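The values are calculated or read from the model by the stated rules, or taken from the named source; none is laboratory data. Given the structure is predicted, the values throughout are model-derived calculations rather than measurements. Glycine gets a Cβ as well: all are built from the backbone with ideal geometry, and neighbour counts include every protein chain shown. Keep in mind that these areas ignore ligands, DNA and RNA; they rest on the heavy atoms of the full protein, side chains included. Shrake-Rupley method; radii C 1.70, N 1.55, O 1.52, S 1.80 Å.
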Amino acid sequence: MAIVARAADATLTELFDRMCAAWTAGDADAYGACFTEDADYVSYDGTHARGRQAVVDNHDRLFRGVLTGSALVGRVESIRHLRPDVAVLHATGSVLMPWRARLPERRLSRQTLVAVRDDGAWRIAALHNGRVRPVTIPEPASMPSRMSRAMTATARALGIGHASSGR
């Protein structure tokens, strides 16, 4: 089983690398070929493209427009096989604009990809891209937490805001 997973992992990493290379080449058709016909693609800004053709059309405009000459750089962080023909990949990456020598930290994104074996080859069925913007969760005794509880109590006392779910 481990040998099969390692071979599949190498193929999945190659798929991610092929996707990055197609982007860097500005080749929307090759980029789209990495995806299934019915792929879901959620960009870092929340835009949701449905289907390979939408992915191709969007990226064609980007590659001929605001992302001309850009490179997609990244690496697969983890691969988890849900079934022999379905895997979840987590990767980090970013668009490197042609006038930059290195990536600005604020441009780093994390992608969650669902890959499926489609007609004997791995393809991406879903991709969700989100900017890496870690937020520290305030401790319950912190000022932000105390203020939130006070505002919640005030809103409930005044009968404004959403109805409580009993929490």
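Results, tabulated for the structure shown:
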quantity	calculated
Region 118-138, subset over 14 Å from residue 37 (Cβ atoms) and assigned to a strand (DSSP E or B), residue farthest from the chain's Cα centre (by Cα)	122
Residues located in region 21-49, provided they are touching a Gly at 6+ places or on another chain (Cβ under 7 Å), touching a residue at least 40 places away in the same chain (Cβ under 8 Å) and under 22 Å from residue 85 (Cα atoms)	38, 39
Those residues of region 101-123 which are open to solvent by less than 30 Å² (accessible area, probe 1.4 Å) and farther than 10 Å from residue 89 by Cα, in sequence order	104, 109, 122
Neighbours by Cβ (under 7 Å, 6+ apart or cross-chain): first from region 50-63, in a loop (DSSP other than H, G, I, E, B) and surrounded by fewer than 16 Cβ atoms within 10 Å (Cβ to Cβ); second at pLDDT below 95 and among the acidic types (Asp, Glu)	none
Out of 47, 11, sole residue that is touching a helix residue (DSSP H, G or I) at 6+ places or on another chain (Cβ under 9 Å) and either under 15 Å from residue 117 (Cβ atoms) or modelled with pLDDT under 95 (or both)	47
Test result for residue 95, open to solvent by less than 40 Å² (accessible area, probe 1.4 Å), within 19 Å of residue 27 (Cα to Cα) and either touching a residue at least 12 places away in the same chain (Cβ under 8 Å) or under 16 Å from the mean Cα position of the chain (by Cα) (or both)	yes
Every residue from region 132-167 that is open to solvent by 70 Å² or more (accessible area, probe 1.4 Å) and closer than 30 Å to residue 22 by Cα	133, 134
Residue in region 24-36 that is within 17 Å of residue 115 (Cβ to Cβ) and part of a strand (DSSP E or B) present	yes
